[in-house]
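Let me begin by presenting the structure, written as structure tokens, before commenting on it.
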Amino acid sequence: MVVVLRADAEREPARGRLTVLRFRTEVRIGFPTETIVGVLQAAALWSLRSGVDVEIVSVNDGAEALLPTSLHGYDLAIDLVTMGDQAFQLAALHLFLWKSLPASFTVQLEGDHVHVEANGRTGRAARPR
Ligand SMILES: [Zn+2]
């Protein structure tokens, strides 16, 4: 699977600024899935356009990764915040990711962070024999 951002997300970036993605020290990535890489690319594009740094606060770590129902434990979910904790900037990041990532991604504003996961699978997993 290749993550392709929609055309409306690829506007002219602000000139003279480097994109900044930050990672909390406790963040762990078991395997850099295309889901994670695609979200990082979209977040970097938003950061470049907005001038606001984005911090990755969780991937495959923390209590949520241990839950059997969470995709964090499979490197298929990622939590992000905007540096400075401005609610309108977090809302703008949420809207951008929701608009620019493929429809198979779930993008939710969960209070103080944006949660993104790839839930494009449908149907039930085959039972092991
Ligand atoms: Zn999450």
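The values are calculated or read from the model by the stated rules, or taken from the named source; none is laboratory data. Source: prediction; values computed, not measured. Note that we place each Cβ from the backbone using ideal geometry, even for glycine, and neighbour counts take in every protein chain shown.
Quick notes on this one:
- Remark: Asp61 matches the filter, which requires a residue to be in contact with a Lys or Arg (Cβ under 6 Å, 6 or more places away or on another chain) and over 17 Å from Leu18 (Cα atoms).
- The one condition in (1) away from the ligand (no atom under 11 Å from the Cβ); (2) part of a helix (DSSP H, G or I); (3) crowded, with 16+ Cβ neighbours inside 10 Å that Glu55 fails to fulfil: (2)
- Val107 surrounded by 18 or more Cβ atoms within 10 Å (Cβ to Cβ) and within 16 Å of Arg22 (Cα to Cα): no
- Counting residues in the range 44-52 that are more than 11 Å from the ligand (Cβ to nearest atom), surrounded by fewer than 17 Cβ atoms within 10 Å (Cβ to Cβ) and on the phi > 0 side of the Ramachandran plot gives one or more.
- Residue selection: Thr69 fails the criterion of being of a type in the set (Ser, Thr, Tyr), more than 15 Å from the ligand (Cβ to nearest atom) and more than 12 Å from Leu97 (Cα to Cα).
- Take the conditions (1) away from the ligand (no atom under 16 Å from the Cβ); (2) out of contact with any Ser or Thr (no Cβ under 7 Å at 6 or more places or on another chain); (3) at pLDDT below 95; Thr33 misses just one of them, which is (1).
- Check on Trp46, under 14 Å from Val20 (Cα atoms), of a type in the set (Phe, Trp, Tyr) and not in a loop (DSSP other than H, G, I, E, B): yes
- Of all residue pairs spaced 6 or more apart or on separate chains, those with beta-carbon atoms under 6 Å, a first member in the range 51-78 that is under 15 Å from His94 (Cα atoms) and in contact (Cβ under 8 Å) with a residue 12 or more places away in the chain and a second member that is surrounded by fewer than 17 Cβ atoms within 10 Å (Cβ to Cβ) and not hydrophobic (A, V, I, L, M, F, W, C) are Asp53/Arg22; Glu55/Arg22; Val57/Arg24.
- Scan of the range 77-121 for residues that are in contact with a Ser or Thr (Cβ under 8 Å, 6 or more places away or on another chain), in a loop (DSSP other than H, G, I, E, B) and either more than 16 Å from the ligand (Cβ to nearest atom) or modelled with pLDDT of 95 or more (or both), ordered by number: Gly120
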